[in-house]
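Heads up: the structure comes next, in structure tokens.
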Amino acid sequence: MSEFDTLIKGGTIFDGTRAPRFVGDIAIKDGLIARIDPTGSISANRAGKVIDAKGLNVVPGFVDLHTHYDAQLLWDPYLSTSCWHGVTSVAIGNCGFGFAPVKPAERERAMLTMERVEAIPLATMKAGIKWSWETFPEWLDHLENSPKGINVLSFVPIGPLMVYVMGLEESKKREPTKAELAEMCRLLEVSLEAGGCGWSAQRLGDGYTSVQRDYDGTPMSTDLMSDETCFAFAEVLARRGEGFIQLTQAKADFKADLMFTEKLAEVARRPILFNAVAINNRHPHQHRRLLDWGKRMQEKGLKIWLQGVTTGNDMRFTFEDFNLFDGDPAWREVTLGTIEERAVKMRNPEYLAALRYTYDHGSAPLVSGPVANLFIEHTVKPENKKYEGMTVAELGQMRGKHPIDALMELVTDEKLATVIYFPPFNKDMDYMQELLDSPYLIPGVSDGGAHTKFLSFGRYPTELLTDEARKGMISLEEAHYRLSAMPAICAGFVDRGTLKEGAPADIVVYDFETLKVLPSEVVHDLPGNEWRRVEKAEGYRHILINGVETFTNDVCTGAIPGKLLRHGLTEGRSRLVAAQ
């Protein structure tokens, strides 16, 4: 029997700690890194399998903390697109959304919520989710027994918790009673004890910032949750001395948002992952004030980490099911309902007048920028091909009508199947440099399992390496710290995120010179005969999870070595032993 199971030999090693790179060998035994040799002198005959990494980078697997893979994990153990881009561990239960706890009678409504707020097709969820749980501990047990080609840890999402105790309608009308709040805190405690890594919530205002809404267009329960209720949940973490908070916070009063988050960190005495810091090329003050605030908080001793959008925010969509204009009341109204109901509203003079008003007065849906700059990428009818490549503004000029009228006429004529494209407005390289210069910013917000008909942001690790690192905007040492160790530290991983002896062998071997993101494509691979847009990668030679290779030269091996990480730990390892 060989001394080692696998030997990664002669690669350029970035250990994830920001230490200088070196050429050496990594030996793996029983899923763990058994030895790291910076001299490269481990003999190949000591291992059962040898990976020749000469000329390649050997790095810790990437950690993605914002994925919404709660549903997809139940039919896709590899969690594509993340698996194609070097991600070896993910967090689910983001933004306070998820599928536990959920009473059996409320399962359909829970899926309808996720259909709207995260744009996961209902047909896919119905076909792909085999419900066998009600409580959060039962949910974790279900995940533990499910095949996984990637490591998973889960937040306790506050939204389902509120609905479970208060009921959906009541949770949106009023504050919880003292007894209800006590019960929610008790269930949170039970869920954390079972292995939740912390709790998550979305708190977006009931105004222009509420871009992610429920199935009926109303705010989510957590959007309406009071500061006091949040503080009660934070106190649970403080008492336990473990766990962290993932917070998506943006209400009408920016200063109040920051003051609240600061207070939340003081009450919880635990890390907070604040979502999100994004560049808007037209309004650079937006990211600068968040970066300045994050710096002040860290200097004050509060562990508030900023999650940044470092990938281009371009999207392709049709109005058949697009929901990311919800922050604008006029657009939200015409994008609610079935295809037929939407089409009727898009021809309604009253609704058209409201859309024209927002267009004429410079109001823009939060995620897209000015509607005038959106492109007609693909039309269905041959007679409409002449409009492809035009902006909405140009479409209006060509048809001799207000751009809104021209757009609505076109898309309703094509039964809402016209493909619209808006280019990224967050890739000004000077502004991106400001994001990367912040030592408290974690790249990410992949939304890998959400909005998959519109976007494919799971490519962010590859894009950081190919766009920013190649241009010298960030060193590879720093990039691999940000992609692996930094999110692992924030999320409470005890033994992942860096390459060190004794740690689980989550390792990525890639070719920096040839690494690239592949073009966007439509694939019909979802349950329920649904489709999605994906962007794969090329250049990842070997991806190992817990010492087992899951991808070789960008092709899946079929191995499923992923683990459920209760409390951020490898299953079976006690928190006490790991902490020591």
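If Thr462 satisfies all but one of (1) more than 24 Å from Gln286 (Cα to Cα); (2) under 17 Å from the mean Cα position of the chain (by Cα); (3) part of a loop (DSSP other than H, G, I, E, B); (4) among the hydroxyl-bearing types (Ser, Thr, Tyr), what's the number of the condition it fails?
(3)
Tally the residues that are surrounded by fewer than 17 Cβ atoms within 10 Å (Cβ to Cβ) and either part of a helix (DSSP H, G or I) or at pLDDT 85 or above (or both), restricting the search to segment 337-371.
Selection size over segment 337-371: 15.
Looking at this structure, is Ile13 over 30 Å from Gly217 (Cα atoms) and surrounded by 19 or more Cβ atoms within 10 Å (Cβ to Cβ)? Give the steps one after another, and end with the answer.
Working: over 30 Å from Gly217 (Cα atoms): yes; surrounded by 19 or more Cβ atoms within 10 Å (Cβ to Cβ): yes.
Yes; evaluated as a whole, the condition is true for this residue.
Is there a residue being within 18 Å of the chain's Cα centre (by Cα) and either crowded, with 20+ Cβ neighbours inside 10 Å or more than 30 Å from Leu122 (Cβ to Cβ) (or both) anywhere in segment 466-474? Give the derivation first.
Going residue by residue through segment 466-474, those that are within 18 Å of the chain's Cα centre (by Cα) are none.
Within segment 466-474 (the criterion being within 18 Å of the chain's Cα centre (by Cα) and either crowded, with 20+ Cβ neighbours inside 10 Å or more than 30 Å from Leu122 (Cβ to Cβ) (or both)), the answer is no, since none of the residues qualifies.
Kindly provide the set of residues from segment 372-397 that are surrounded by 15 or more Cβ atoms within 10 Å (Cβ to Cβ) and either outside the structural domain of Glu320 (by TED's automatic domain parsing) or in a loop (DSSP other than H, G, I, E, B) (or both), ordered by number.
If the condition is that a residue be surrounded by 15 or more Cβ atoms within 10 Å (Cβ to Cβ) and either outside the structural domain of Glu320 (by TED's automatic domain parsing) or in a loop (DSSP other than H, G, I, E, B) (or both), then Leu374, Thr379, Val380, Met390 are the ones that fit.
Spot the failing condition for Asn145; the list is (1) out of contact with any Gly (no Cβ under 8 Å at 6 or more places or on another chain); (2) surrounded by 18 or more Cβ atoms within 10 Å (Cβ to Cβ); (3) closer than 26 Å to His567 by Cα, and only one is missed.
All conditions are met except number (2).
Looking at Lys263 and the list (1) in contact with a helix residue (DSSP H, G or I) (Cβ under 9 Å, 6 or more places away or on another chain); (2) assigned to a strand (DSSP E or B); (3) among the charged types (D, E, K, R), which single condition is not satisfied?
Here Lys263 meets the rest and fails (2).
Just need a number here: residues in segment 415-457 that are part of a helix (DSSP H, G or I) and touching a strand residue (DSSP E or B) at 6+ places or on another chain (Cβ under 6 Å). Talk me through it step by step, then tell me what you get.
Here is the first cut: in segment 415-457, the ones part of a helix (DSSP H, G or I) are 429-437, 457.
From what is left, the residues that are touching a strand residue (DSSP E or B) at 6+ places or on another chain (Cβ under 6 Å) are 435.
The number of residues fulfilling the criteria is 1.
Within segment 166-187, count every residue that is more than 17 Å from Val236 (Cα to Cα) and either of a type in the set (Val, Ile, Thr) or in a helix (DSSP H, G or I) (or both).
Narrowing segment 166-187 to residues more than 17 Å from Val236 (Cα to Cα): 166-175, 177.
With either of a type in the set (Val, Ile, Thr) or in a helix (DSSP H, G or I) (or both) added as a condition, the list becomes 166, 168-171, 177.
So the answer is 6.
Can you pull out every residue in segment 398-415 that is among the small types (Gly, Ala, Ser) and surrounded by fewer than 16 Cβ atoms within 10 Å (Cβ to Cβ)?
Of segment 398-415, the ones among the small types (Gly, Ala, Ser) are 400, 406.
The answer is Gly400, and nothing else.
Right, Ala105: surrounded by fewer than 24 Cβ atoms within 10 Å (Cβ to Cβ), touching a strand residue (DSSP E or B) at 6+ places or on another chain (Cβ under 8 Å) and farther than 30 Å from Leu7 by Cα or not? I'd like the intermediate steps shown before the answer.
Numbers: surrounded by fewer than 24 Cβ atoms within 10 Å (Cβ to Cβ): yes; touching a strand residue (DSSP E or B) at 6+ places or on another chain (Cβ under 8 Å): no; farther than 30 Å from Leu7 by Cα: yes.
So Ala105 does not fit the description; no.
If you take just the strands (runs of 3 or more DSSP E) that sit entirely in segment 16-98, which of them hold at least 1 residues that are surrounded by fewer than 24 Cβ atoms within 10 Å (Cβ to Cβ)? Outline the logic, then answer.
Numbers: elements: 22-29, 32-37, 47-52, 57-60, 62-64, 87-92.
Once the strands (runs of 3 or more DSSP E) in segment 16-98 are filtered for at least 1 residues that are surrounded by fewer than 24 Cβ atoms within 10 Å (Cβ to Cβ), what remains is 22-29, 32-37, 47-52, 57-60.
Tell me the residue from Arg316, Arg288, Arg270 that is surrounded by 15 or more Cβ atoms within 10 Å (Cβ to Cβ), closer than 18 Å to Ile158 by Cβ and touching an Asp or Glu at 6+ places or on another chain (Cβ under 8 Å), please. Lay out the reasoning, then the answer.
Working: Arg316 fails: closer than 18 Å to Ile158 by Cβ; Arg288 fails: closer than 18 Å to Ile158 by Cβ.
Result of the check over Arg316, Arg288, Arg270: Arg270.
Can you pull out every residue in segment 517-537 that is assigned to a strand (DSSP E or B), out of contact with any Phe, Trp or Tyr (no Cβ under 9 Å at 6 or more places or on another chain), surrounded by fewer than 21 Cβ atoms within 10 Å (Cβ to Cβ) and of a type outside the set (Phe, Trp, Tyr)? So that I can check it myself, show each step before the final result.
Filtering segment 517-537 for residues assigned to a strand (DSSP E or B) gives 517, 521-526, 530-534, 537.
Still in the list and also out of contact with any Phe, Trp or Tyr (no Cβ under 9 Å at 6 or more places or on another chain): 517, 521, 530-532.
Next, only the ones that are surrounded by fewer than 21 Cβ atoms within 10 Å (Cβ to Cβ) stay: 521, 530-531.
Hits for segment 517-537 are Glu521, Glu530.
Among the aliphatic types (A, V, I, L, M) and in contact with a Ser or Thr (Cβ under 8 Å, 6 or more places away or on another chain): does that describe Ala201?
Considered against the rule, which asks whether it is among the aliphatic types (A, V, I, L, M) and in contact with a Ser or Thr (Cβ under 8 Å, 6 or more places away or on another chain), Ala201 comes out as yes.
Looking for something modelled with pLDDT under 95, in a strand (DSSP E or B) and in contact with a strand residue (DSSP E or B) (Cβ under 6 Å, 6 or more places away or on another chain) - is there at least one such residue anywhere in segment 288-308?
Scanning segment 288-308 turns up no residue that is modelled with pLDDT under 95, in a strand (DSSP E or B) and in contact with a strand residue (DSSP E or B) (Cβ under 6 Å, 6 or more places away or on another chain).
The values are calculated or read from the model by the stated rules, or taken from the named source; none is laboratory data. Just so it is clear, the structure is predicted and the values come from calculations on it, not from any experiment. Positions of Cβ are generated from backbone atoms using ideal geometry, with glycine treated the same way; all protein chains shown enter the neighbour counts.
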